[in-house]
Amino acid sequence: MTDFSAIKKRFPIFTNQPNLVFLDNGASTQKPQAVIDAITELYTKYYANVHRGIYKNSERATDMFEAVRGKVQKLIGAAHEQEIIFTKGTTESLNTIAYTWGERNIQAGDEIVVSLLEHHANFIPWQQLCQRKGATFKIAMPEKDGTLSVEAVKKQLTPKTKLVAITHVSNVLGVITPVRAITAAAHKVGAKVVVDAAQSIAHLPVNVQDIDCDFLVFSGHKMYGPTGVGILYGKRELLENMEPFMFGGNMINEVTIERSTWAPVPEKFEGGTPAIAEVIALAPAIDLLQEVGFDAIRAHEKELLTYALQQLATLPDITIYGPQDADKISGVISFNLDTVHPHDTGTLVDEKDVAIRVGHHCAQPLTNFLGVIGTCRASFAIYNTKADVDRLINALKHAQKVFK
Ligand code: C6P
């Protein structure tokens, strides 16, 4: 059995701040020593730019950098290493798809379907693309409890649907969506599918061939890796037929005064010097996830979610949003204390060294649907324990006392 309290010891922030209860992992996770060491080792022992030098340090840095592509390929079960493109994060990955595939393939009269659960990063690029092209932006609505059914998406699909963009896990409610069935339904009408895996990649097994999605995106910093690195997965044939978005070094085949031709994928989409240290330091983060394993991660998380839901329900005057069933959610619980503004709750629990996020969580259409200005969100990671939940509950009692 995995010893999750031993895993916590690998994250030096908890040695430096022993009293910290960190429950804002949906925003960004803490970093294990191995990730920090990988960055230091690169800069202190062999740093050089990648893909350019023919000297030893550049070749070593390039090998370390390219090895991560293979690790990501295995993590998400992609068929080819070339299907893995390094970006700065989920937001850049989604905007890249909108400006490359979207600009070429969306025309007036076409339809794009998203769900109301989407983070703004998987909402606005499609809304804006529709506005630029005269296409129709359609929304699949969740049930009252926030779950999203395949039927709700199917209702929006027509022969005009060209793209369906769906989150795998809601960053506000933790709702797990049926991405596999949604993809199958979208493909039946000939639409392509983008899956936003920002909130699922560190919590659930993600396999792009099993889902059969056309694109899948996520960020390194939400999976124990560094900021500044993200992934854009795309099926090879699609990527090969897409135009590049960022023009510059490393992404060309030949440049003359008259014309330019592009390097093959993935280089075609990786113009300029990449985030070398950040990509290299993503490797130990992936190793950690694979060492612990998604069965153990999910089992631990379900135990924590179930316990947290039970304990939160013991508080008076609390509203919990989303389905209160650990089988239906991942990583996240949103709630409000009925007599306390979410921002006051956030500030008062921080007085007890408990870090949560409050507000609309960059998903305003969803918080509007819930009828609130914002929520308090506790989001979990592999280093959280039941003791952290107890500290959260005590901190919330403190907030309720102040506002009595
Ligand atoms: N959600 C949260 O606190 P970036 O910022 O590009 O790494 O990720 C954007 C993003 C896209 N999709 C989903 C589902 C997300 O949750 C996020 C980031 C953080 O919920 C910061 S707003």
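Here is how the numbers come out for the structure above:
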{"item": "Accessible area of Val189 in the full protein assembly, 1.4 Å probe (Å², nearest 10)", "result": "50"}
{"item": "Residue-averaged [θ]222 nm for the chain, counting only DSSP H segments that reach four residues, each worth -39500 (n - 2.57)", "result": "-10500 deg cm²/dmol"}
{"item": "Cut-off 16 Å, label 7 Å out along Cα→Cβ of Asp350, residues of region 1-23 by amide N", "result": "20-23"}
{"item": "Cα-projected label distance for Asn19 with Asp145, points at 7 Å along beta-carbon direction, nm", "result": "3.9"}
{"item": "Only Lys, Arg (+1) and Asp, Glu (-1) charged, at Cβ; region 179-238 dipole about Cα centre in debye", "result": "40"}
{"item": "Cα shape, region 36-290, gyration tensor, a/c 1.5 rule", "result": "oblate"}
{"item": "Out-of-range pairs (alpha-carbon distance over 30 Å; input Lys138/Lys397; Lys144/Lys192; Lys188/Lys222)", "result": "Lys138/Lys397; Lys188/Lys222"}
{"item": "Three-way shape label, region 12-105, alpha-carbon gyration tensor, a/c 1.5", "result": "oblate"}
{"item": "Largest to smallest accessible area among His343, His51 [probe 1.4 Å]", "result": "His343, His51"}
{"item": "For region 174-273: rounded, prolate or oblate by the Cα gyration tensor [a/c cutoff 1.5]", "result": "oblate"}
{"item": "Mean Kyte hydropathy of -1.0 or more with a Cα span along the axis of at least 18 Å, helices from DSSP in the chain", "result": "56-76, 294-313, 386-402"}
{"item": "The chain: most fluctuating residue of Leu366, Leu309, Leu239 per GNM, C-alpha cutoff 10 Å", "result": "Leu309"}
{"item": "Sequence of Arg357, Arg60 when ordered by accessible area, the most exposed leading, probe 1.4 angstrom", "result": "Arg60, Arg357"}
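The values are calculated or read from the model by the stated rules, or taken from the named source; none is laboratory data. Note that the structure is predicted; figures quoted are calculated from it, not measured. No Cβ is skipped: glycine too gets one built from the backbone with ideal geometry, and neighbour counts run over all protein chains shown. These area figures cover heavy atoms from the full protein model, side chains too; ligands, DNA and RNA do not enter into them. Shrake-Rupley method; radii C 1.70, N 1.55, O 1.52, S 1.80 Å.
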